[in-house]
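The values are calculated or read from the model by the stated rules, or taken from the named source; none is laboratory data. In this text the structure is predicted, and so the values were computed from the model without any measurement. When we count neighbours, we look across all protein chains shown, and the Cβ atoms used for this are built from the backbone with ideal geometry, even at glycine.
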Amino acid sequence: MARARARLQGAVRAHLAARGFDEVETPCLVPAPGMEPHIHAFETSFVPEAGTGTAARPLWLHSSPEYAMKRLLADGFDRIFQFARVFRNGEVSSTHNPEFTMLEMYRAGTDHRGIMEDLEQAVEAGARALHPGGGTQLRWRGHSVDFAPPFDRLPVAAAFARAGVNLEGCGEDARKLRSAAIARGLDLGPEGERFDDLFFRIFLQAVEPTLGHSRPVYLTDWPASMAALARIRSDDPRWAERFELYAAGLELANGFSELNDAAEQRRRLLEEQEERRRLSRPVYPLDERFLAAVGRMPDAGGVALGLDRLLMLLTGAERIRDVLLFPAEELLKAPGARDT
């Protein structure tokens with residue numbers, strides 16, 4: 001698996017370099033982590049040496065290199081990528097590890113559609129590097145998936161409609177969405193949940209498992225409330241220019257047409273701070289250097305791909321721990337414990 005990882009990264013690196021992308025490195029320790037309400041960052045403390053006159057201050061391990069890479073876009077880089085080690089506290093499952101590798105890439109002068117094309121070509125290069133005959137047809141959990149581009153495109157509303165839920169007819173009304181889910185016979189959480197929470201309950205039960213069974217699929221046009229760092233469609237403000245990539249029912253990547261309106265970005269981050277307070281989760285500071293850069297960014301498309309998950313698919317591994325030399329289960333044991 002270590003050798004397969006090296007081949008995968010080498011193939012993707014060579015592919016992107018040949019297309020004019022610069023490889024960059026950004027810090028893992030940051031003064032302000034991402035604000036997503038459902039991501040928990042690892043916190044540490046920077047303690048300056050005695051006599052410097054500087055007090056200790058909190059730092060966090062980044063959950064994504066996004067803020068720093070967008071600062072590079074604002075400063076003139078136009079095609080960049082990195083294989084970043086990223087950290088998310090508490091995430092341990094068959095497809096999650098608290099420390100993992102992310103391929104993050106951005107291209108100026110394009111939008112979400114352009115970066116989707118960049119990504120599918122890079123994924124194809126990786127698939128061919130790991131396939132004995134240089135092909136693109138691979139099997140994972142009983143599904144034969146063809147990684148030759150172009151990948152399929154499917155709007156979120158159409159995916160819900162296939163699952164028997166009229167998302168478009170619900171607007172962003174939680175009561176309407178709940179009624180539609182009950183009519184579909186889906187298991188729901190407690191009364192009073194917000195639209196986004198209901199959306200993901202339905203999505204995880206009835207939509208995600210059906211995606212990308214014969215070829216990878218980009219799920220596009222997400223509800224505007226889930227725009228995060230993405231632009232809203234100018235022709236239809238109900239939807240964001242956001243996409244996620246799925247193969248064999250597994251999420252691989254998340255990307256956008258990047259928001260470059262600094263005032264709107266600040267508003268959204270403040271909303272996410274309030275959501276973290278509502279959920280009784282740590283509220284992180286705003287990254288003012290990032291916000292200052294947003295207004296100087298060119299139009300761009302960006303995407304983050306979970307490299308470990310892609311490696312799982314391309315090698316047929318059942319669990320993320322099978323593609324890691326040191327999986328998180330080691331962290332859950334006493335330091336002196338031995339494997340049995």
Could you check how many residues of the stretch 232-272 are in contact (Cβ under 8 Å) with a residue 40 or more places away in the chain and not in a strand (DSSP E or B)? 7
Residue check, Gly189 under 28 Å from Leu119 (Cα atoms), modelled with pLDDT under 95 and part of a loop (DSSP other than H, G, I, E, B): no
Can you name the residue in the stretch 211-238 that is touching a Ser or Thr at 6+ places or on another chain (Cβ under 8 Å) and surrounded by 15 or more Cβ atoms within 10 Å (Cβ to Cβ) and is also nearest to Arg141 (Cα to Cα) among such residues? Ala230
Conditions (1) closer than 30 Å to Glu124 by Cα; (2) free of Cβ contacts under 8 Å to residues at least 40 places away in the same chain; (3) in a loop (DSSP other than H, G, I, E, B); (4) small (Gly, Ala, Ser): number failed by Ala148: (2)
I want to confirm something. Restricting to the stretch 54-86 and keeping residues that are among the aromatic types (Phe, Trp, Tyr) and buried (at least 20 other Cβ atoms within 10 Å of the Cβ), which single residue is farthest from Phe21 (Cα to Cα)? Trp60
Restricting to the stretch 273-286, give me the number of residues that are assigned to a loop (DSSP other than H, G, I, E, B) and of a type in the set (S, T, N, Q). 1
Among the candidates Glu241, Glu208, single out the residue that is crowded, with 22+ Cβ neighbours inside 10 Å, acidic (Asp, Glu) and either within 30 Å of Arg141 (Cα to Cα) or at pLDDT 95 or above (or both). Glu241
Would you please name the residue that is surrounded by the most Cβ atoms within 10 Å (Cβ to Cβ), looking only at residues in the stretch 94-126 that are of a type in the set (Ser, Thr, Tyr) and assigned to a strand (DSSP E or B)? Tyr106
So, of the residues in the stretch 287-329 that are in a loop (DSSP other than H, G, I, E, B) and touching a Lys or Arg at 6+ places or on another chain (Cβ under 7 Å), which turns out to be modelled with the highest pLDDT? Met297
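Within the bounds of the stretch 308-317, is there any residue that is acidic (Asp, Glu) and within 25 Å of Thr101 (Cα to Cα)?
Yes.
Among Gly34, Gly20, Gly76, which is touching a residue at least 24 places away in the same chain (Cβ under 8 Å), in a loop (DSSP other than H, G, I, E, B) and more than 23 Å from the chain's Cα centre (by Cα)?
Matching residue, one of Gly34, Gly20, Gly76: Gly20.
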